[in-house]
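**Q** Just dropping this structure here.
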Amino acid sequence: MDSDHAAGHLHDGHFGLSTVNLTFITTGGSPNGGSELLWSLAAIRLAKAGHRVAATAQYGEEPAPRLAEMRKLGIHLRMRRGPGIWSRFLRNLLRQRIEGFLPGKDWAWLLRQKSDLVCLSLGCVRDGRGWMLRCRAANVPYVVVSHLTSPGMWPEDETREERAAAFSSAQRCFFVSRHNWELFEHQTGEVLTNASVVRNPFKVRYNAQAQWPSADLGWRLACVGTLDPATKGQDLLIRVMAMQKWKERNLSVNCYGSGPCERGLRKLTDALHLRSVCFKGYVEDIEQIWRENHGLIMPSWVEGLPIALVEAMLCHRMALVTDVGGNTELVEHGVNGFVAPAPTVALLDAAMEEAWQRRDEWRELGLEARKKVVACVPPDPVQDFCGKLLETAAGHKQE
């Protein structure tokens, strides 16, 4: 979905405002990461609607067409420098304590924006604490979008109260899944009365009609995501596929995406003499993936709510997932897909075995998947998010 696809226009008169000054702050490390879609497309759409927009990011050298579009629209875009070698050393040494640090030049830049509302997009729940606490102390209105909460992000006692205060003091807190919201409350002991769920944009048509592929040459599952087994668990899937029974079956897995562990995963596949797992690289045309594959498989360790899952279900494909993050908010075991209770080789194998025995039903399960996802995800999440931001800004001004 591109930034021009809008379900209507963002006329602020609807919210009682003429022009709003909005500042977006992202803690994500890659301009092309899934967590970067919502804030960046919202910034572009709001700028096109006549609002004053500024943004700051800390990215590497990856090409980022959306950043070029922002500059063309007049969005004031500031790139922050990444941590140097000594900063990285201190971050590893002090762990969560360093997360609350905010350089003075970053704060000075934010104050110059004179924002009606600041939107902090957090790659994970432990990010951005310094920004939030400074906004809280200076009475700068802000909202938070958290893309990932996981059991591995449990706060130490020294940071738990700060994290709870940072989120509870926001005008609104947005989580990409109900699971992540509830896990945050569990970890901090803080009940958030200002929280709600938002959905990320996706890169397929909402009314996508991916043609069902023939199974004459075998059944094919797609594993879509960053090639990083520490979070996405591709190594578990490779180890299952290396079992003799799976080697003898007419099933293959196509891995789509790139990432920091691609060479290691390829080497593992070669070491196991596994020919049924293929690496396809990054594919821009997501619908083409689903014209070639019968279902999605995601052996993840952690998730918010995967965009790849939403895209697969919109394209009428069943999904086999692990019970992490918001996966089971969309996938119902045996109804529109299959769920492994946890990311282990044994449990993934068991879920795959059940799915394999019902492979003749995969097409029908995919139709059910489509019904479920359209009931949970709106046609235009960016438009919905922009409306929430403008409504929040209006409410603060009226106060």
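Each value in this text was obtained by applying a stated rule to the coordinates, not by laboratory testing. Remember, it's a predicted structure, so these values are computed and weren't measured experimentally. Positions of Cβ are generated from backbone atoms using ideal geometry, with glycine treated the same way; all protein chains shown enter the neighbour counts.
**Q** If the chain between Glu185 and Ala271 were fully stretched, how many nm would it gain, using 0.36 nm times the residue separation less the Cα-Cα distance?
**A** Gain on extension, Glu185 to Ala271, equals 26.6 nm.
**Q** Just from its helices, what would the mean residue ellipticity at 222 nm be for the chain, if runs of 4 or more DSSP H residues each count -39500 (n - 2.57) and the sum is divided by every residue, rounded to the nearest 500 deg cm²/dmol?
**A** Only helices count here, giving -12000 deg cm²/dmol.
**Q** Report the GluC sites (Glu not before Pro) located in the stretch 239-309 that are in a DSSP loop and have at most 13 other Cβ atoms inside 10 Å of their Cβ, or state none.
**A** Glu248, Glu284
**Q** For the pair Asp157 and Asn32, how long in nm is the line joining their label points, each one 7 Å along Cα→Cβ?
**A** If labels sit at Asp157 and Asn32, their model points lie 4.5 nm apart.
**Q** What percent antiparallel are the DSSP beta bridges of the stretch 219-376, to the nearest 5?
**A** DSSP beta bridges in the stretch 219-376 are roughly 0 percent antiparallel.
**Q** Using the Kyte-Doolittle scale, which helices in the chain average at least 1.0 and also have C-alpha atoms spread 15 Å or more along the helix axis, with helices defined as whole DSSP H runs?
**A** 37-48
**Q** For Lys203 and Lys105, FRET efficiency with R0 = 56 Å and r from the beta-carbon atoms, rounded to 0.05?
**A** 0.95
**Q** Pop the C-beta distance of Arg80 and Asn139 into the FRET formula with R0 = 25 Å and round what comes out to the nearest 0.05.
**A** The calculated FRET efficiency here is 0.60.
**Q** Hey, got a sec? Which GluC sites (Glu not before Pro) in the stretch 127-203 land in a DSSP loop and have at most 12 other Cβ atoms within 10 Å?
**A** Within the stretch 127-203, the qualifying GluC sites (Glu not before Pro) (loop, at most 12 other Cβ atoms within 10 Å) are Glu156.
**Q** Would you mind ranking Trp301, Trp107, Trp39 by Cβ crowding within 10 Å, fewest neighbours first?
**A** Lowest count first: Trp107, Trp301, Trp39.
**Q** Still on this model: Give me the mean projected area, in nm² to one decimal, of the convex hull enclosing the Cα positions of the stretch 219-376.
**A** For the stretch 219-376, averaging the hull's shadow over all directions gives 8.0 nm².
**Q** Continuing with the same structure: How big is the Kirkwood radius of the chain, worked out from every pair of different alpha carbons and given in Å to one decimal?
**A** 22.1
**Q** Related question: Which residue fluctuates most in the GNM of the chain (Cα springs below 10 Å): Ala165, Ala342, Ala230?
**A** The residue that fluctuates most here is Ala230.
**Q** Give, as a single signed number, the net charge of other residues whose beta carbon lies under 13 Å from the beta carbon of Arg199, with Lys and Arg counted +1 and Asp and Glu -1.
**A** Summing Lys and Arg as +1 and Asp and Glu as -1 gives -2.
**Q** Say we join alpha carbon atoms closer than 10 Å with springs in a Gaussian network model of the chain; which of Leu251, Leu38, Leu227 then has the biggest fluctuation?
**A** It is Leu251.
**Q** Can you list residues whose amide H is under 5 Å from Ala340's amide H, if they're 5+ apart or on another chain and H is modeled 1.01 Å from N?
**A** Val321, Thr322, Asp323
**Q** While we're on this one: So how far apart, in nm, are the two label points at Lys72 and Leu217 if each is 7 Å from Cα heading toward Cβ?
**A** The two pseudo-label positions are separated by 3.7 nm.
**Q** Taking 23 Å as the cut-off for C-alpha to C-alpha distance, list the pairs among Lys232/Lys267; Lys203/Lys247; Lys245/Lys372; Lys105/Lys388 that go past it.
**A** Beyond 23 Å between Cα atoms: Lys203/Lys247; Lys245/Lys372; Lys105/Lys388.
**Q** So which aspartates and glutamates pass the test for Lys72, namely a Cα distance under 17 Å, with those fewer than 8 places away in the same chain ruled out?
**A** Cross-link targets: Asp2, Asp4.
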